[in-house]
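Note sheet for the following structure.
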Amino acid sequence: MGEIGGDQASTQRTLPVCGIFGRSEAGDPPVTRRFDLFIDNERVRAPAQEEFAAVNPFTQETWATIPQASDAQVADAIDAARAAQQRGWGRTGGLERAKLMHRLADIIEANAERMAVMETTDNGKAIRETSGQMRSAARAYRYFAGLADKLQGATIPVDARDAFDFTRREPMGVCVLITAWNSPLGLLSNKLAPALAAGNCVVIKPSEHASGTTLEFADFVREAGFPPGVVNIVTGDHRVGKALLRAGRVDRVSFTGSPQVGAQIAADAGARLIPVTLELGGKSPNIIFDDADLDRAVPGALVGIFSATGQTCIAGSRLLVQRGVHDEVVARLAERAQRIRLGDPLDPRTQMGTAANEPQFRRILASIDKAVSEGARLVCGGKPATGEGLGRGFFIEPTIFTDVHNRMELAQEEIFGPVLSVIPFDTEDEAVGIANDTRYGLASGVWTRDISRALRMIDRIHAGTVWVNTYRMAQAMAPFGGYRDSGFGRERGIEALEQYLQTKNVLIDYAAAVRDPFGD
């Protein structure tokens with residue numbers, strides 16, 4: 001891959017691949033990377049007036065420019081995907097698709113640290129997390145590569161004699177994949193890996209708030225040897241998403257983001273009878289019973305909310321604590337939260353990075369102010385973090401509230417930041433009632449030494465994921481998705497592959513006699 005910028009980008013200054021994106025040495029101008037769209041295996045330049053800045057949330061410096069795709073360029077991307085599908089990508093043997101996917105995984109692993117630096121520069125997530133996500137992304141491509149040559153149909157015994165019935169599993173066709181800004185390449189792997197394994201062609205739209213790594217990823221696709229048009233990437237704001245759906249020539253949409261935008265996408269897709277997969281928000285309950293091992297549960301609660309600065313849909317933002325251990329848990333949490341190391345997200349010692357962008361930073365602080373006005377008691381945090389090494393970054397102190405009841409906005413609405421609500425409960429029934437009393441149903445956690453209680457809670461919690469004595473552990477082979485306003489459809493696991501396949505039924509009549517109901 002050479003140096004950042006390569007032959008596809010215009011830069012004021014070139015850094016080695018291990019350099020820090022968006023930084024400049026003393027006296028030098030800021031380093032600015034210019035990205036292009038990726039259509040039909042070619043880089044495509046958007047009109048200059050339709051570019052926008054990518055801002056490093058730690059330095060507040062522009063580190064790159066991102067293209068705003070025009071409606072015509074969106075149409076070109078869909079046309080390229082459709083043409084590649086018609087040229088036979090969907091009929092390419094599963095073994096061949098698997099080879100390309102394994103090669104792609106190799107390239108991701110070889111560039112993992114460089115891509116982690118870029119993603120951290122783009123969204124402020126701590127490098128210790130983005131590094132792990134790059135390797136997890138590679139694992140996803142390997143997992144689904146292993147399924148690419150196993151798309152088997154079935155033979156079906158039918159009532160009619162002398163008839164043979166069987167099914168074929170075929171790709172959907174052209175799929176639109178829309179990802180969020182908090183984990184661009186990780187979220188993309190959840191969608192692209194099964195889509196490719198199933199034989200689909202795709203058009204990818206990353207969030208306008210974090211598009212850099214996805215556009216860089218295009219070089220990996222080309223290097224791996226995927227045919228032109230199989231993977232296309234267009235970037236920009238909501239206008240690009242609308243253009244993708246207005247085209248009406250796509251066969252599936254997969255979206256990760258807010259429930260509000262997801263509802264609009266579902267409506268637009270439904271008007272065109274396009275099936276959708278939606279991975280949306282959450283207000284996930286993390287439940288600590290008084291028999292739990294607190295030496296595990298307290299760190300688990302901290303990881304559940306403060307990893308990724310709380311900017312994750314599975315954040316355990318509602319901590320339900322049985323009253324017998326409530327005060328001890330709160331005391332331990334507050335002490336540990338105040339020791340979380342904030343700092344340069346590119347420093348491996350940093351444990352929590354910045355809010356991803358200024359609008360998100362402002363929204364989180366407004367939610368904290370609203371919680372105080374609602375009567376929640378602030379235990380720690382609650383304001384922008386300042387101090388040595390924090391520079392101009394969008395840092396927010398790890399924040400914990402108690403005296404929270406489940407009707408507060410704090411307990412009902414997704415904040416998407418490092419803000420924890422602690423809610424007491426007395427009985428198992430009460431815990432279940434509080435846990436299920438939101439419009440969401442994405443993730444949940446249960447901390448107990450009692451296996452019978454754990455199994456009862458698994459049965460009663462309305463959520464797509466239940467973790468027991470752990471939290472936020474994701475695996476490529478474990479299906480992920482939500483109930484209710486958290487969306488529908490599944491990502492990861494074999495269930496994800498089903499989202500990108502359709503079933504064709506075939507019936508062969510081999511009777512010797514002619515079946516003619518209108519004969520003499």
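Worth a mention:
- Look at the stretch 150-169: where a residue is modelled with pLDDT under 95 and a partner is assigned to a loop (DSSP other than H, G, I, E, B) and of a type outside the set (D, E), sitting 6+ places away or on another chain with Cβ atoms under 6 Å, you get D162/Y510; D162/A511.
- Residues in the stretch 503-518 that are open to solvent by less than 80 Å² (accessible area, probe 1.4 Å) and under 40 Å from the mean Cα position of the chain (by Cα): V506 alone.
- Output for the stretch 89-134, where each listed residue is assigned to a helix (DSSP H, G or I), small (G, A, S) and surrounded by fewer than 22 Cβ atoms within 10 Å (Cβ to Cβ): G90, G94, A98, A110, A112, S131, G132
- Check on A160, open to solvent by 10 Å² or more (accessible area, probe 1.4 Å), touching a Gly at 6+ places or on another chain (Cβ under 6 Å) and in a loop (DSSP other than H, G, I, E, B): no
- Yes/no for R339 being under 24 Å from the mean Cα position of the chain (by Cα) and surrounded by fewer than 17 Cβ atoms within 10 Å (Cβ to Cβ): no
- Criterion violated by L196 - all others in (1) touching a Ser or Thr at 6+ places or on another chain (Cβ under 6 Å); (2) open to solvent by less than 10 Å² (accessible area, probe 1.4 Å) satisfied: (1)
- Check on P348, touching a residue at least 40 places away in the same chain (Cβ under 8 Å) and either surrounded by fewer than 20 Cβ atoms within 10 Å (Cβ to Cβ) or acidic (D, E) (or both): yes
- Yes/no for A81 being open to solvent by 10 Å² or more (accessible area, probe 1.4 Å) and either charged (D, E, K, R) or modelled with pLDDT of 95 or more (or both): no
- The set of residues in the stretch 381-420 being part of a strand (DSSP E or B) and either open to solvent by 10 Å² or more (accessible area, probe 1.4 Å) or among the β-branched types (V, I, T) (or both) consists of P384, I396, T399, I400, T402, V419.
- Yes/no for G393 being touching a residue at least 24 places away in the same chain (Cβ under 8 Å), in contact with a strand residue (DSSP E or B) (Cβ under 8 Å, 6 or more places away or on another chain), within 15 Å of K125 (Cβ to Cβ) and among the small types (G, A, S): no
- Considering residues of the stretch 421-438 that are among the β-branched types (V, I, T) and either in a loop (DSSP other than H, G, I, E, B) or touching an Asp or Glu at 6+ places or on another chain (Cβ under 7 Å) (or both) only, the residue most open to solvent (accessible area, probe 1.4 Å): T427
- Of all the residues in the stretch 454-492, those that are surrounded by 15 or more Cβ atoms within 10 Å (Cβ to Cβ) and outside any loop (DSSP other than H, G, I, E, B) number 13.
Residue-wise test of (1) of a type in the set (F, W, Y); (2) under 23 Å from R91 (Cβ atoms).
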{"position": "Q133", "(1), (2)": "no, no"}
{"position": "R169", "(1), (2)": "no, yes"}
{"position": "W181", "(1), (2)": "yes, no"}
{"position": "L187", "(1), (2)": "no, no"}
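The values are calculated or read from the model by the stated rules, or taken from the named source; none is laboratory data. Keep in mind that what you see is a predicted model, and the values were worked out from it rather than measured. A quick note on method: Cβ atoms are made from the backbone with ideal geometry, for glycine too, and the neighbour counts reach across all protein chains shown. Accessible surface is based on the protein model in full, side chains and every heavy atom, while ligands, DNA and RNA are left aside. Shrake-Rupley method; radii C 1.70, N 1.55, O 1.52, S 1.80 Å.
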